[in-house]
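Read the structure below first, then the notes.
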Amino acid sequence: MSTSLPIDKIIYQRLDPQPPQQQHDAVGHIIRMLRICGVFFGILLVLVVLSGIETRSQYRVDSDLTAFLPLNEGNELETNDIGGGDEPPPHTEYAKMARYLVHKAEWVSMGSLSTVDAIKGYPMVNVIAAADSARDAKSTGTLYFYLTMLDYTAQDLSKDNRLTVLLSLDQDLYCTKHGIDPMEPTCARIMISGRAVKLEEGTEEYKSGQSAFFSRHPAAQHWLDTHNFFLCKLDIVQIAVLDYYGGPHYVSVTDYYNADSGSSVAIAQKQNKLSLESAFEPQVISNSDDERTITVKIKKDSPVRRINLEV
């Protein structure tokens, strides 16, 4: 048996709002969906973070690449700052400034004349590791560096061995740390032009140059067999020093090598430390056995703050 409703009754029923219970259920359903979505995105975020950590770990140096790390314990990179807290020479002593920058440098910007067809004859620049002496050794003033024919710099120099290197006082961030913009002339820079000379293996100069280079760049000992590097030196022709306003000054090769660069910075620091320690060392100025009294004199600026006596 079927029942029928008037058409207007049906229309009114459809237009009537949903009962409150149905609305509450719909809101609760939406909240549950939002919670589920939140949990899902949270899990997704965790997975993305974990994936990133794993990806970065994959790019860490593995056992196949350890040969290219320095040989010091723990494979910790050695600092390039051999100058410590030392100060450069006065800006009027141009030869000493040049020797100072060369001795501190462990890399140079090296310019050559390109042999690449598209830019043949154009200036080309590269960063080249260099050393003028071993760490904590007396400066020689001669830059030694390794090249390989796999690199375009060596290819350029094999055709025309003329080059220019640029060194800046800010290579160890000296200028930056002292509030001097690296572009300022007071942030000293030198441009040394000359020719690359390949050293004959087994000679005394080869041995000393190699020793100096390995002292500054321990990882280089593993470059040789892998990429057929060969040792070179810079035969200097001209030295330009810009360390103050008014343009560059030119230093002759003779004045450059005759400049008294002294011992290495580290040795000088040790000497200064010893002299300071002796200056600040407490001095016994009287020792009376009769009175059993010892008088100790300490200078005003001495770092000594406590003296322990045992009787």
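The values are calculated or read from the model by the stated rules, or taken from the named source; none is laboratory data. Just so it is clear, the structure is predicted and the values come from calculations on it, not from any experiment. Backbone-built Cβ (ideal geometry, glycine too); neighbour counts: all protein chains shown. Areas reflect the complete protein model, heavy atoms only, side chains present, ligands, DNA and RNA absent. Shrake-Rupley method; radii C 1.70, N 1.55, O 1.52, S 1.80 Å.
In terms of its alpha-carbon gyration tensor, segment 99-206 comes out oblate; a/c meets the 1.5 threshold, while b/c is at least as large as a/b. The length gained by stretching the chain between VAL253 and GLU184 to full extension, at 0.36 nm per residue less their Cα-Cα distance, is 22.3 nm. Annotation note: GluC sites (Glu not before Pro) in segment 122-227 located in DSSP loop regions with a Cβ neighbour count of at most 12 within 10 Å are GLU200, GLU201.
Normalising the average separation of contacting C-alpha pairs (under 8 angstrom, six or more residues apart) by the number of residues puts the relative contact order of segment 102-169 at 40 percent. Here segment 211-232 and segment 102-155 have alpha carbon centers that stand 13 Å from each other. Packing around the peptides 241-248, 163-170, 183-190, taken as the average count of other Cβ atoms within 10 Å per residue, puts them in this order, highest first: 163-170, 183-190, 241-248.
Loop-located trypsin sites (Lys or Arg not before Pro) in segment 87-131 (DSSP state other than H, G, I, E, B) with a sparse environment of at most 15 neighbouring Cβ atoms within 10 Å: LYS120.
With each label modelled as a point 7 angstrom along the Cα→C-beta vector, the ALA26-ASP151 pair spans 7.3 nm. The apolar share of the surface of segment 107-184, taken as the fraction of accessible area on carbon and sulfur atoms (1.4 Å probe, ligands and nucleic acids excluded), comes to 61 percent.
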